[in-house]
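Everything below concerns the one structure shown next.
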Amino acid sequence: MNDGTGARSLWGGLRVAVLALLWGSTFLWTELALRGLSPLQVTFTRCTLGALVLVVSCRASGRRLPKGAAVWRHLVIAAFFCNALPFALFSLGQQTVDSGLAGVLNATTPLWSIALGLALGSERGLRPVRLAGLLLGFTGTIVIFAPWRTAGADGWGALAILGAAASYAVAFTYMGRTLVRRGTPTISLSAAQLVAASGLSALAVPIGGLESIDPGPTVLVAAVVLSVCCTAVTFHLTYRIINDEGATNAAVVGYLLPVVSVLLGAVVLGEDLSVRVVLGMVVVLAGVGMTRRQGTAATAQEATAQEVPAGEATAQVAAAPRPGPEVHPTDGRRPLSGNRR
């Protein structure tokens, strides 16, 4: 038993490490893809190739895309806030913001989730430590953003990335209320959502996506890795981790993303790390850690839908099932009749 538990723990830790590396490298590959593609071209390519991979996986597992106008209406709204809009904002922002800093600013997603919960009244009984974490996290964001010294394109780029992080928070809340635990397999939901995101991004291509492209080897490799590994594969890994080990273990990834993005940006792209950015990153992560402290099992269960990993492709985390008798994303089984919704 101990050997089996140790092996499962090792395997689970390995999956978390791979997921953190893939998510954290999203900003590096976006930076490289932007060297030959426009922001909207990157967005469209990412959604389309990612959707293709997930649709093929869905069919290979014997699943079908969801049916019904109501489900697809929710999927379109979720795809806008969870995929099309944030993907575009990240690409726009990274034209002037370093990839490492983009990863740090993306870590504010849980902070936006709590702020949204307070505004909607769904976040009740906020403990002082979590409120202090919320304030501390946004203070760290201000230190990184440095509005007193940032202006022009750099300032707008940082705002775009913060907007993407806030968009994820909106998506998490909406998906948790309309799509999660409705009897549809998660692989079907994720595939359909990226299909909807592909359609939405295609509508925007004529507006700003018809520029000439420079399809060099680096750009092509970056676009493919970004689409397949950092979008489609991360969705699948996220669902597996949450299904097998719960959202609490998956949430560990949120702490690793900024570290991975900053290190990759510095090592691969030669991006500078100022003392101000490092200090701001530490403050943001400390604030996020404080907001995830739960006092009771009930609040911990409520946090599952709101405080899942704040990564780029984490957009799908809110749509993942709770541990237990959920439909596994990779097999063809349905829940037992005694586990009806």
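Assorted remarks:
- Looking across region 105-153 at every residue that is at pLDDT 75 or above and among the aromatic types (Phe, Trp, Tyr), the one that is surrounded by the most Cβ atoms within 10 Å (Cβ to Cβ) is identified as Trp112.
- Filter pass, Val170 being open to solvent by 40 Å² or more (accessible area, probe 1.4 Å), at pLDDT 80 or above and under 29 Å from Val288 (Cα atoms): yes
- Leading residue by the ranking (most open to solvent (accessible area, probe 1.4 Å)) among those in region 270-279 that are modelled with pLDDT of 80 or more and closer than 19 Å to Leu256 by Cα: Leu279
- Verdict on Ser261 being of a type outside the set (A, V, I, L, M, F, W, C), modelled with pLDDT of 85 or more and closer than 20 Å to Leu54 by Cβ: no
- Subset of region 280-300 that is at pLDDT below 75 and among the β-branched types (Val, Ile, Thr) - its residue that is surrounded by the fewest Cβ atoms within 10 Å (Cβ to Cβ): Thr296
- Asp3 meets each of the listed conditions (1) modelled with pLDDT of 85 or more; (2) surrounded by fewer than 21 Cβ atoms within 10 Å (Cβ to Cβ) apart from (1).
- Any chance Leu32 is open to solvent by 10 Å² or more (accessible area, probe 1.4 Å) and at pLDDT 90 or above: yes
The values are calculated or read from the model by the stated rules, or taken from the named source; none is laboratory data. Fair warning: this is a prediction, and the values are worked out from it, not measured in the lab. So basically every Cβ, Gly included, is an ideal-geometry build from the backbone, and we count neighbours across all protein chains shown. Keep in mind that these areas ignore ligands, DNA and RNA; they rest on the heavy atoms of the full protein, side chains included. Shrake-Rupley method; radii C 1.70, N 1.55, O 1.52, S 1.80 Å.
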